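Everything on this sheet refers to the single structure shown next.
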Ligand SMILES: Nc1nc2c(ncn2[C@@H]2O[C@H](COP(=O)(O)OP(=O)(O)O)[C@@H](O)[C@H]2O)c(=O)[nH]1
Ligand SMILES: [Mg+2]
């Protein structure tokens with residue numbers, strides 16, 4: 001779903017494959033072969049916060065290796081290249097949709113950026129181009145078939161001076177914001193929470209499915225990600241449905257296919273209010289009422305599954321929010337008993 005340039009969409013077939021293989025392999029994989037106690041599988045359509053969640057876990061754990069890798073030359077280069085790729089994409093949009101880059105000088109800069117093998121150091125060109133009237137039109141436009149310019153992209157433009165400076169030290173926020181369809185992300189994150197080794201694995205980001213299948217063992221939890229704001233967009237796979245309808249259908253298929261506990265993470269809570277102001281859901285504008293409605297839509301007709309579905313509403317860009325979801329997940333893995341959970345539903 002969505003602009004899935006770097007991320008495979010979660011289709012019914014892939015979900016079926018996932019579950020089928022999970023059943024087959026769960027019996028035969030020995031725990032001694034894997035270096036974790038529990039596996040948590042992340043599922044959900046594209047753009048529903050899975051990669052961001054994995055990155056947050058890495059930031060929260062704050063292992064020395066993470067800090068070292070963040071300030072490495074490789075990481076700096078990756079972030080600068082990311083900025084250049086956003087600019088390149090905007091130039092391509094201008095060409096594709098006949099939007100004139102207004103300043104002659106900027107047209108030259110655009111050519112330099114497009115022709116240069118490594119445009120990530122072309123600070124003057126990048127700084128000048130992102131202020132150009134034509135490029136600004138491309139940023140604001142939501143063009144069909146284009147990779148949309150988003151808040152995360154704007155963050156990099158706002159920070160372009162710092163990122164391109166000689167003494168640039170990447171921050172965890174730089175790392176976090178580099179989650180976009182243009183930036184492929186790590187799909188596995190191992191952490192130790194409350195003394196338990198947990199592997200979080202984003203299935204959608206793993207193109208080679210046979211690789212991750214072989215790692216699954218019997219005890220696990222599924223985290224199903226769904227964006228609270230997906231009711232405003234139509235599904236790319238079926239243009240008669242909203243993305244939320246498609247996500248709900250997928251969630252129900254999942255419930256029919258597995259018996260394990262599922263944490264339903266309703267993401268993007270921070271932007272729900274402004275989304276409701278523009279587009280109410282079922283004529284509802286109030287945030288809390290809208291969240292209740294969305295929860296109901298996901299659990300509609302699924303009374304038998306209520307005892308194994310745990311819903312968390314989350315702003316995944318906020319580490320504190322993610323910590324709460326992790327705590328909940330850890331409690332489920334360790335105690336497995338909803339009476340002992342740290343949060344009520
Ligand atoms: N405002 C807001 N943006 C988010 C949230 N979670 C993810 N994003 C942004 O949504 C986009 C897609 O998220 P990503 O984690 O890549 O989705 P994935 O395709 O499921 O891995 C990225 O630009 C994220 O920065 C959230 O809770 N709130
Ligand atoms: Mg992703």
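Values for this structure:
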read-out	value
Long-range neighbours under 7 Å by Cβ, at least six apart or interchain, first residue under 19 Å from residue 328 (Cβ atoms) and in contact (Cβ under 8 Å) with a residue 40 or more places away in the chain within segment 220-236, second away from ligand 2 (no atom under 16 Å from the Cβ) and part of a loop (DSSP other than H, G, I, E, B)	220/260; 221/260; 221/261; 222/258; 222/260
Residue 109, sole failed condition from (1) within 16 Å of ligand 2 (Cβ to nearest atom); (2) part of a helix (DSSP H, G or I)	(1)
Filter result for the condition that a residue is modelled with pLDDT under 90 and more than 14 Å from ligand 1 (Cβ to nearest atom), over 17, 3	17
Unmet requirement for residue 333, which otherwise passes all of (1) in contact with a strand residue (DSSP E or B) (Cβ under 7 Å, 6 or more places away or on another chain); (2) modelled with pLDDT of 95 or more	(2)
Scan of segment 46-100 for residues that are within 16 Å of ligand 2 (Cβ to nearest atom) and in a loop (DSSP other than H, G, I, E, B), ordered by number	46, 47, 48, 49
All positions within segment 177-203 that are at pLDDT 90 or above and either within 16 Å of ligand 1 (Cβ to nearest atom) or in the same structural domain as residue 125 (by TED's automatic domain parsing) (or both)	200
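The values are calculated or read from the model by the stated rules, or taken from the named source; none is laboratory data. Since the structure is predicted, the reported quantities are computational estimates derived from the model, not experimental observations. Quick reminder, even Gly has a Cβ in these numbers, built from the backbone with ideal geometry, and neighbours come from all protein chains shown.
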